[in-house]
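The values are calculated or read from the model by the stated rules, or taken from the named source; none is laboratory data. Keep in mind that what you see is a predicted model, and the values were worked out from it rather than measured. In this analysis, Cβ positions are derived from the backbone assuming ideal geometry, glycine residues included, and neighbour counts consider all displayed protein chains. Heads up: the accessible areas ignore ligands, DNA and RNA and are worked out on the full protein's heavy atoms, side chains in. Shrake-Rupley method; radii C 1.70, N 1.55, O 1.52, S 1.80 Å.
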Amino acid sequence: METNKDDIIGLFIPAFSEVTEKGIKYKDKYYSCHWAVRNQWFLSTSNVRMLKVYVDTDTDDYLLITLENGCLEIALQIQHYKINTEKLEDYYQLLNNIKKKIKERKRKRF
């Protein structure tokens, strides 16, 4: 059975959301998808960009967003957390140390 795009859209409420550097903002919640990240939608910009979305009335876990090519994409709700920058820096330092050790092991093999 083939599903028509209009049949799916009819199950959702159309709305508009703002694309910000934190994500696609709709009713004080943020959403994101692979397409938006890959196409750098969230880069800091002074221009306000509005996006047509479709909202599921049963849940706010996701939105359907319209892409430039007219297709629909699912954008999942994301959470923003305050990060302890000192712990984050320690994490990256440990990660870099592991990468260096792996490179050294590879060099010793050859």
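Of the residues K87, K106, K100, which is open to solvent by 100 Å² or more (accessible area, probe 1.4 Å) and at pLDDT 90 or above?
Answer to the check: K100.
Look through segment 28-42, keep the residues that are assigned to a loop (DSSP other than H, G, I, E, B) and aromatic (F, W, Y), and return whichever of them is surrounded by the fewest Cβ atoms within 10 Å (Cβ to Cβ).
Once the filter is applied, the top-ranked residue is F42.
What number of residues in segment 43-84 are in a loop (DSSP other than H, G, I, E, B), open to solvent by 40 Å² or more (accessible area, probe 1.4 Å) and closer than 23 Å to E21 by Cβ?
15
Among the residues in segment 13-27, are any open to solvent by 70 Å² or more (accessible area, probe 1.4 Å), of a type in the set (A, V, I, L, M) and at pLDDT below 90?
Scanning segment 13-27, I find no residue that is open to solvent by 70 Å² or more (accessible area, probe 1.4 Å), of a type in the set (A, V, I, L, M) and at pLDDT below 90, so the answer is no.
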